[in-house]
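Novice: One structure coming up, written as structure tokens, with questions to follow.
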Amino acid sequence: MGALPPILIVDDDPDDLFILKRLLTKAGVQNKVIAFEDPTAVIDYLELESKNPDRRFMTCIVFTDLNMPGMSGVELTTWIRGHPALRDLAVVIISSSTAPNDEAHARTAGALRFLTKYPSAETLRTLVAALPCSPG
């Protein structure tokens, strides 16, 4: 089996990053998971990645926290949707918020899904399997 495209996770809380990584592992996701505590670092990463002519191993999904200092998950999603090479990149916003407005803002910005912390391993498995992230 060849290399799988990476999955990015973004959260300013290192504990939440750890938990999401563990959930992805429990879900059986075999992709490399790259974690970021700073959304601006994700932008730098994605800008570099988008310039690579070999698109086969481009990031397949970004899981981002909703509320982060400096840049929210909605703002990150809006930036991704505005970048032509990344327009189709799946973004899932994860938050402890259950406010309907937060989910509506996430959807309006272009998020594929809005999940409440912490999604089940089965939810993550199904989500990742439906995207060009996994083999076959």
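Novice: Of the conditions (1) modelled with pLDDT of 90 or more; (2) closer than 18 Å to PRO119 by Cβ; (3) of a type in the set (Val, Ile, Thr), ILE43 satisfies every one except a single condition; which number is it?
Specialist: (2)
Novice: Kindly indicate whether any position in region 47-66 is farther than 20 Å from PRO6 by Cα and either out of contact with any Gly (no Cβ under 7 Å at 6 or more places or on another chain) or assigned to a loop (DSSP other than H, G, I, E, B) (or both).
Specialist: Checked against the condition, which is being farther than 20 Å from PRO6 by Cα and either out of contact with any Gly (no Cβ under 7 Å at 6 or more places or on another chain) or assigned to a loop (DSSP other than H, G, I, E, B) (or both), region 47-66 yields at least one hit.
Novice: Looking at the structure I just gave you, is LEU46 out of contact with any strand residue (DSSP E or B) (no Cβ under 6 Å at 6 or more places or on another chain), of a type in the set (A, V, I, L, M) and surrounded by 16 or more Cβ atoms within 10 Å (Cβ to Cβ)?
Specialist: Against the criterion (out of contact with any strand residue (DSSP E or B) (no Cβ under 6 Å at 6 or more places or on another chain), of a type in the set (A, V, I, L, M) and surrounded by 16 or more Cβ atoms within 10 Å (Cβ to Cβ)), LEU46 qualifies.
Novice: So how many residues does region 66-112 have that are among the acidic types (Asp, Glu) and under 17 Å from PRO39 (Cβ atoms)?
Specialist: The qualifying residues number 2.
Novice: Also, quick follow-up: Would region 9-17 turn up any residue that is in a helix (DSSP H, G or I), surrounded by fewer than 17 Cβ atoms within 10 Å (Cβ to Cβ) and at pLDDT 95 or above?
Specialist: Yes: one or more hits.
Novice: Under 9 Å by Cβ, and 6 or more places apart or on different chains, what pairs join a residue from region 86-110 that is on the phi > 0 side of the Ramachandran plot with one that is polar (S, T, N, Q)?
Specialist: GLY110/THR77; GLY110/THR78
Novice: Here are the criteria: (1) assigned to a loop (DSSP other than H, G, I, E, B); (2) modelled with pLDDT of 90 or more; (3) of a type outside the set (D, E, K, R); (4) within 22 Å of ILE19 (Cα to Cα). Tell me which single one GLY70 does not satisfy.
Specialist: For GLY70, the exception is condition (4).
Novice: Now a separate question. Among (1) crowded, with 16+ Cβ neighbours inside 10 Å; (2) among the hydrophobic types (A, V, I, L, M, F, W, C); (3) out of contact with any Ser or Thr (no Cβ under 8 Å at 6 or more places or on another chain); (4) farther than 22 Å from LYS32 by Cβ, there is one condition CYS133 misses while meeting the rest; what is its number?
Specialist: That leaves (4) as the condition not met.
Novice: Anything in region 83-136 that is in a strand (DSSP E or B) and of a type in the set (Phe, Trp, Tyr)? List them, or say none.
Specialist: PHE114
Novice: Also, quick follow-up: Only one residue in ARG107, ARG22, ARG56 is modelled with pLDDT under 90 and surrounded by fewer than 17 Cβ atoms within 10 Å (Cβ to Cβ). Which one?
Specialist: ARG56
The values are calculated or read from the model by the stated rules, or taken from the named source; none is laboratory data. For clarity, every value in this text was computed on a predicted model and none was experimentally measured. All Cβ positions, glycine included, derive from the backbone under ideal geometry; neighbour counts span all protein chains shown.
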